[in-house]
Each structure stands twice: as C-alpha cells, then as structure tokens.
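None of the figures in this text is laboratory data; all of them are computed from the coordinates on show. None of the values given here were measured: they were computed from a predicted structure. Cβ atoms come from the backbone with ideal geometry, glycine included; neighbour counts cover every protein chain shown.
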Amino acid sequence: MGHDVALIGPDEPTDFARHDGMFGSHFDEGRITRSLDSHPFWSTVNRASIARYGEISAQSGVDFYREVGALHIGPNNDADILATGKTAAELDIPCEAYDADQLGERFPYLRIAAGTKGYFEPRNAGYISPRRLVRAQTVAAERGGAQIVNTIALGISESATGVTIRTGEGDIEAARVLVAAGGHTEFLLGQSLGFTVYARTVALFRLGTTEMQRLSGMPSMRCFGPKGETPYILPPVLYPDGQTWLKLGGDPVDIRLESGADIQNWFRSGGSDSVADELQRQILDRIPALAFEERRVAPCMTTFTRSGLPCIGPLSARVTVASGGCGAAAKCSDELGRLGGLAMLGEVRQELAP
C-alpha cells in the first residue's frame with residue numbers, strides 16, 4: 001500500500017531449556033484450521049484467511065496446509081455443538097451432519113458415545129504447520145519489499161514525531177508501530193490491556209507404520225463437552241525429525257502466566273507431565289487401542305481477552321496493537337494481520353478496539 005515496512009522478531013530458539021529470550025507457540029507443525037466455528041466472527045476471519053492460503057504459498061514457495069477436513073464432535077445437546085450447527089446454516093458453510101451411529105461408520109477408529117453429534121467439514125479445513133506458515137508469511141513479506149529484522153523487540157517509546165523501538169541490536173525509528181507479540185504484548189508495552197495469558201501443555205504420540213495406515217484419512221478434531229474433556233486432536237503429522245506424531249491438547253486447569261519471567265520459566269520447564277497423563281487417557285478413550293511408540297510433552301501458551309475476540313486497534317496516534325488470539329488465531333493470522341494493518345492506518349473495527 002505504498003508504505004515502507006519492517007518486521008521485527010527473533011527466530012525460533014534452538015534449545016528451549018537454555019534459551020533466555022522470547023518464546024512463541026508457533027514453533028510446531030500442527031494447528032487445526034477450519035471454516036466453521038460457533039462464533040460467526042471466527043468463521044468469517046477463518047474463511048478469509050483460508051481463501052488466501054494458496055496465494056501465500058505461491059508468493060513464498062512454502063507449503064504449509066493440508067486439507068484433511070475437520071470434525072466438530074460432542075453431545076447433541078451441547079451449547080457449542082448447537083451453535084456450530086447454527087453457524088454452518090447461517091453462513092452456508094458446507095458440512096456433513098452425523099449422529100452417533102453414522103459417526104461410528106464414517107470414522108471407525110473412534111469410540112463414539114451414544115447421543116453424540118458431529119459436523120464434518122471436508123473442504124477448506126484440516127491443519128496447517130504454524131512454523132511453516134510464519135516462514136511463508138515472512139518470505140512473502142520480504143519479497144514484497146519488507147525489511148526483516150531478526151532480533152528481539154525490548155520496548156517502545158513514542159514521541160511527537162515517531163516511535164523508537166529498542167531492540168537487541170540497537171534502536172529502530174518508525175512512524176508507526178503495530179505490536180503483535182502474543183503473550184508478550186503487555187510486557188513489551190508496559191501496560192495492561194486486560195489480557196490473560198495461560199500456560200498450556202500438548203502431548204504428542206509417535207506412530208509406527210501400522211497405526212499411520214489405520215488412521216489414514218483422519219481429520220482434525222474439535223471435541224466439545226464438560227470442561228477438561230474437550231481436547232483438540234490433530235491427525236498424524238510428519239515432523240522435522242522425520243517421525244509422524246499425533247497431537248492433542250486441552251488443559252483441564254488454567255494456569256496463569258503473570259510476567260515475562262513466568263513465560264520463560266514455563267517454556268523452559270517443558271510442560272506438565274500430569275496434564276499429558278490426562279491427555280493420554282483422553283486419546284486412548286477416544287481412539288481405542290492406539291498403539292504409539294513414544295510420548296512427547298511440549299509447552300504452549302494462549303492469550304485471552306475479556307471479550308473472547310482479538311484486540312485490534314490503536315493505543316495512541318502512532319501505536320496499534322493486534323493480539324489476544326484466544327487460542328483460535330494461528331489459522332486466521334493472515335486476516336487478523338490485515339485488520340491490524342488497516343487499524344494502524346485508521347480503519348478500525350470497533351468491536352475489536354482496545
């Protein structure tokens with residue numbers, strides 16, 4: 001749009017246990033992507049982003065998306081399941097509705113309880129590699145003329161003429177700044193925006209050839225129900241170690257991260273083994289006789305706002321924020337980033353404004 005742009009941020013840490021800088025949750029190969037959500041806002045931004053996946057991949061030469069479909073499943077009287085079906089009808093999102101018996105026939109590797117309802121999206125849904133999506137977005141930005149600054153942003157200060165960004169490699173001067181630092185946002189700004197940052201644990205299960213074949217064609221899954229019994233499940237995904245891992249998350253207890261030091265300590269800890277034990281129980285309950293060869297535990301974090309929608313809008317004449325993904329933003333980061341860029345230029349959606 002005619003502006004000079006710099007993207008400031010560090011690369012992925014090579015050793016979490018010894019790293020003393022910033023951490024992020026996108027250092028992974030599996031995040032669910034889907035058009036459908038129980039809230040129309042998320043469905044709208046999801047679809048806008050998914051529609052541009054091909055363009056981002058073509059511009060960057062980086063592949064990051066697998067269209068394996070997404071299954072939304074839960075008790076047929078669950079509020080989220082009912083809202084999911086309502087949103088699908090209102091927004092005309094193609095999906096297949098199944099009762100318990102039909103789910104058992106369509107997905108024979110799953111244990112389906114009586115009274116279960118499912119909505120399956122066969123198109124424009126599946127999973128992305130958040131790591132490769134960030135890489136694709138960065139390459140596309142650089143090819144479009146953006147300057148990439150591979151360092152940590154430590155703080156910002158605003159004057160009447162511009163903004164100074166203090167980094168690990170010196171100061172950078174800018175006319176305007178968009179702060180999109182996830183769980184680090186409030187600490188970087190030095191002010192509260194009402195965000196709550198939670199520690200999260202994911203469990204990954206390494207599969208052999210036989211299980212990979214048994215679960216071939218498995219979609220991404222969102223499970224609804226009582227708190228603590230609502231895991232999200234990724235299908236078998238090939239990771240950079242050359243192994244195939246099935247991943248799930250869904251912490252039964254919320255642990256708040258109150259400071260930058262809390263975030264660092266959490267990521268260095270490697271996650272919670274007790275949460276991973278519970279996730280293992282849940283995956284074995286939902287996929288009976290799952291034969292895995294190894295379990296891995298990994299830390300993650302999510303940032304929630306009071307409204308349940310992202311916070312995208314100006315904090316001052318020169319500083320704009322785009323943060324608070326509420327555990328739903330990896331797949332739709334392209335559209336949320338577009339809204340952040342427009343907000344920095346003065347076009348603000350009031351329902352997202354700080």
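Against the main long axis of the alpha-carbon atoms of the chain, helix 79-91 sits at an angle near 70°.
Need the full-extension length gain, residue 150 to residue 210, defined as separation in residues times 0.36 nm minus the C-alpha distance. One decimal, nm. Here the segment from residue 150 to residue 210 would lengthen by 17.4 nm. Only Cα pairs under 8 Å and 6+ residues apart enter the sum, and on that basis the relative contact order of the range 42-194 stands at 22 percent. Residues of the range 8-31 falling in the label zone of residue 243, defined by backbone nitrogen less than 18 Å from a point 7 Å along Cα to beta-carbon, are 15-17, 28-30. When both bridge partners sit in the chain, DSSP labels roughly 85% of those beta bridges antiparallel. Which one of 122, 288, 219 has the biggest mean-square fluctuation once the chain is modelled by GNM with Cα springs under 10 Å? Fluctuation is largest for 288. With both labels modelled 7 Å from their Cα along Cα-to-Cβ, the residue 164 to residue 3 distance reads 2.2 nm. Based on C-alpha pairs under 8 angstrom that are at least 6 apart in sequence, the chain has a relative contact order of 22 percent. Seen through its C-alpha gyration tensor, with square-root eigenvalues sorted a ≥ b ≥ c, the range 218-268 comes out oblate because a/c lies at 1.5 or above while a/b is not bigger than b/c.
Along the axis of the charge dipole computed for the chain (Cβ charges of +1 for Lys and Arg, -1 for Asp and Glu, origin at the Cα centre), the listed residues 25, 75, 172 are led at the positive end by 75.
The peptide list 150-156, 315-321, put in order of mean Cβ contacts within 10 Å with the highest first, becomes 315-321, 150-156. Axis of helix 260-269 versus longest Cα principal axis of the chain: the two differ by about 40°, to the nearest ten degrees. In the chain, helices alone account for a calculated mean residue ellipticity at 222 nm of -8500 deg cm²/dmol, with every DSSP H run of four or more residues adding -39,500 (n - 2.57). Which of these, 102, 191, 264, has the largest mean-square fluctuation under a Gaussian network model of the chain (Cα springs below 10 Å)? Of 102, 191, 264, the Gaussian network model singles out 191 as fluctuating most. Positive-end ranking of 216, 44, 248 along the dipole of the chain, with charges on Cβ about the Cα centre, is headed by 216. Highest mean first, the peptides 327-339, 52-64 sorted by other C-beta atoms within 10 Å per residue fall in the order 327-339, 52-64. Distances between placed amide hydrogens fall under 5 Å for residue 321 paired with 179, 313, 315, all partners being 5 or more residues away or on another chain.
Taking a ≥ b ≥ c as the square roots of the eigenvalues of the Cα gyration tensor, the range 7-127 is classed as prolate, since a/c reaches at least 1.5 and a/b is larger than b/c.
Seen against the Cα atoms of the chain and their longest principal axis, helix 273-286 is set at about 40 degrees.
Normalised by the number of residues in the range 196-304, the average gap of Cα pairs under 8 Å and 6 or more apart makes the relative contact order 45 percent. The magnitude of the dipole of the chain, with charges of +1 and -1 set on the Cβ of Lys/Arg and Asp/Glu and taken from the Cα centre, is near 280 debye.
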